[in-house]
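Asker: One structure follows; several queries about it will come next.
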Amino acid sequence: MHEDLERILFTEEQIQAEVARLGRELTRDFQGRHPLFVCVLKGAVMFMADLVKRVELPLEMDFMATSSYGSASKSSGVVRILKDLDRPVESRHVVIVEDIVDTGLTLKHLREMILHRGAASVTIVALFDKPEGRAVAIEPDYYGFRVPNEFIVGYGLDYAERYRNLPYVGVLKPEVYVK
Ligand code: 5GP
């Protein structure tokens, strides 16, 4: 375990098993369709890469980057698009791949934007769900793990851009935040 972590919440094996399960469900539920998987950078990059390998469909991939104003560990509610999608989503079945749903503000904004652009459907897949953090009424259609109201890092999730490369997910030691 990384020395900055207090404890591990989900091991690499647990994450990979859950990603495989989500891949099987999406494969089953999107039979006959050609979905467009949209990765929300940067946090969802590991999840996206592992998930699409488990989805046996003729899917396409695109990427977008958002940022919410405010401090590193609290969402402010204002979502900025830093990198938009490369291709139109009109008439497409879009699957938004997100790392974690906390307040839900990012996903609410993205879902409305993609529907407004004429997508046929928008489905939300999040690896982690933090239901206690919710500020708006939005739920992922598929999720991997419920997590407590704590700040987690690893498997794409960062603190000040670090720890994204950990293959597992955990909670930082309190002293790491004051360094
Ligand atoms: P929301 O808009 O739902 O509040 O949060 C969206 C984004 O906030 C997530 O995609 C993620 O980047 C960040 N976030 C929320 N909770 C956590 C957390 O526990 N750890 C990390 N590293 N990022 C989080």
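Asker: Counting every Cα pair in the chain, what percent are over 19 Å apart?
Answerer: Values: 8921 of 15931 pairs.
Summing the P(r) tail past 19 Å for the chain gives 56 percent.
Asker: Same structure, new question: Computed over the Cα atoms of the range 1-61, what is the convex hull's projected area averaged over all directions, in nm²?
Answerer: For the Cα atoms of the range 1-61, the hull's average projected area reads 4.8 nm².
Asker: Fully extended, how many nm does the chain gain between E175 and E12 (0.36 nm per residue separation, minus their Cα-Cα distance)?
Answerer: Values: separation 163, 0.36 × 163 = 58.68 nm, distance 2.48 nm.
Stretched fully, the E175-E12 segment lengthens by 56.2 nm.
Asker: Which of the trypsin sites (Lys or Arg not before Pro) found in the range 22-58 are in a DSSP loop and have at most 11 neighbouring Cβ atoms, other than their own, within 10 Å? Each step should come with its number before you reach the end.
Answerer: On the way: sites: R24, R28, R33, K42, K53, R54; in loops: R33, K42, K53, R54.
Here the trypsin sites (Lys or Arg not before Pro) that fit, given the DSSP loop and packing criteria, are K53.
Asker: Once every DSSP H run of n ≥ 4 in the chain is given -39500 (n - 2.57) and the sum is divided by its residues, what mean residue ellipticity at 222 nm do you get, rounded to the nearest 500 deg cm²/dmol?
Answerer: The per-residue figure over the chain is -7000 deg cm²/dmol.
Asker: Another question, then. Taking every eigenvalue of the Cα gyration tensor of the range 102-170, multiplying by 5 and rooting it, what semi-axes result, largest first, whole Å?
Answerer: Over the Cα atoms of the range 102-170, the semi-axes work out to 24, 14, 11 Å.
Asker: What is the spin-label model distance, in nm, from L82 to R162 if the labels are put 7 Å beyond Cα along the C-beta direction?
Answerer: 1.8
Asker: Treat each spin label as a single point 7 Å out from the Cα along the C-beta direction, and report the E132 to K42 distance in nm.
Answerer: Inter-label distance under the simple model: 2.8 nm.
Asker: Same structure, new question: So which lysines pass the test for K173, namely a Cα distance under 30 Å, with those fewer than 8 places away in the same chain ruled out?
Answerer: Straight-distance partners of K173: K42, K74, K130.
Asker: Specify the longest stretch of the chain that does not include any exposed loop site, a site being one of the GluC sites (Glu not before Pro) with a non-H, G, I, E, B DSSP assignment and at most 16 other Cβ atoms within 10 Å.
Answerer: 91-149
Asker: Right, another one. Restricting to the chain, what percent of DSSP beta bridges are antiparallel, rounded to 5?
Answerer: Just about 35 percent of them are antiparallel.
Asker: In degrees, nearest 10, range 0 to 90: what is the angle between the Cα axis of helix 12-29 and the longest Cα principal axis of the chain?
Answerer: Approximately 20 degrees, to the nearest ten.
Asker: Can you give me the angle between helix 105-116 and the longest principal axis of the chain, using Cα atoms only, in degrees from 0 to 90, rounded to the nearest 10?
Answerer: 10
We did not get these values from a lab; they are worked out from the coordinates using the rules stated. Note that the structure is predicted; figures quoted are calculated from it, not measured. Ideal geometry is used to build each Cβ from the backbone, glycine not excepted, and the neighbour counts take in all protein chains shown.
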